[in-house]
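Here the structure comes first, spelled out in structure tokens, and everything after it is commentary.
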Amino acid sequence: MNNVIKACLPGLSPELLQEISSHSAIREFKPKEYVIHQGDMIRFLPIVIEGSVKVCCDEDTIQFLLYHVNSGESCIFSYAHMFSDSPAEFYAMAELESRLALLPIDKVREWFHNHPPFSHMILKGYQKHYEDLLHSVKQITCYNLEERLIKYLQDKAVLEKTQLLKVSHQEIASDLGTSREVISRLMKKLETNGQATQVGRKIKIG
């Protein structure tokens with residue numbers, strides 16, 4: 001496990017990497033499997049080794065996507081819960097077949113205080129996902145839903161490294177915080193404009 005931890009947490013001392021390895025667990029998650037449920041107490045800091053995890057919020061029956069966590073990254077909300085015992089106000093779900101290192105939160109607090117390179121890594125990751133969150137807010141406030149849909153599909157194509165996406169209108173609607181009917185109507189418009197095509201149960205970009 002030490003080599004796996006070393007690969008996803010570069011720049012840390014061999015001694016700290018060994019300690020992290022001895023206290024952490026590696027878990028495999030299937031697509032759509034929950035990593036953290038909304039309302040859970042945060043017991044670990046998840047680090048994505050392989051794959052991708054999407055972080056969403058469910059508020060008054062409206063679900064919306066906040067951002068993705070990719071290889072070598074963790075979640076801003078998990079960072080925020082490092083020094084708080086409040087339940088998670090978000091959920092995290094594997095987007096692809098994913099492999100995660102789960103670092104116990106009590107040890108994370110200890111390493112944060114005692115190892116400057118580790119605390120620097122945490123703060124750098126926090127800043128990155130804070131910027132991701134600001135970008136999501138900008139998307140919601142500054143762009144119409146059609147533009148957000150196009151950006152969503154383009155980002156998903158980059159993430160999955162394919163122009164043929166296996167994603168339902170309902171899943172898109174949930175991620176964008178709207179209804180399936182609205183997405184279906186917009187998809188017809190994108191098809192007319194040649195920006196996306198429905199191929200069976202998949203969507204082809206361009």
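None of the figures in this text is laboratory data; all of them are computed from the coordinates on show. Fair warning: this is a prediction, and the values are worked out from it, not measured in the lab. Counting neighbours? That spans all protein chains shown, and the Cβs are built from the backbone with ideal geometry, glycine included.
Data for the structure
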item: In order through segment 188-203: 3J(HN,Hα) via Karplus (6.51 cos²θ - 1.76 cosθ + 1.60), integer Hz, x for Gly, Pro; result: 4, 5, 5, 5, 4, 7, x, 8, 7, 9, 7, 10, x, 9, 10, 10
item: Cleavage-rule hits (trypsin sites (Lys or Arg not before Pro)) in segment 18-117: DSSP loop, at most 15 neighbouring Cβ within 10 angstrom; result: LYS32, ARG43
item: Gyration tensor (alpha-carbon) shape descriptor, segment 144-205, a/c threshold 1.5; result: rounded
item: Of ASP60, ASP132, ASP85, the one that fluctuates the most in a GNM where the chain has Cα springs shorter than 10 Å; result: ASP60
item: Qualifying trypsin sites (Lys or Arg not before Pro) for segment 126-206 [loop in DSSP, other Cβ within 10 Å: at most 11]; result: LYS161, ARG201
item: Share of pairwise Cα separations in segment 1-113, more than 26 Å, in percent; result: 16 percent
item: Segment 1-109: chymotrypsin sites (Phe, Trp or Tyr not before Pro) falling in loop per DSSP and having at most 11 other Cβ within 10 Å; result: PHE83
item: Charge dipole (segment 88-179, unit charges on Cβ, about Cα centre) - positive-most of TYR91, MET121, LEU103; result: MET121
item: Distance violations [Cα-Cα > 32 Å] among LYS128/LYS166; LYS32/LYS128; LYS124/LYS188; LYS30/LYS128; LYS6/LYS54; result: LYS124/LYS188
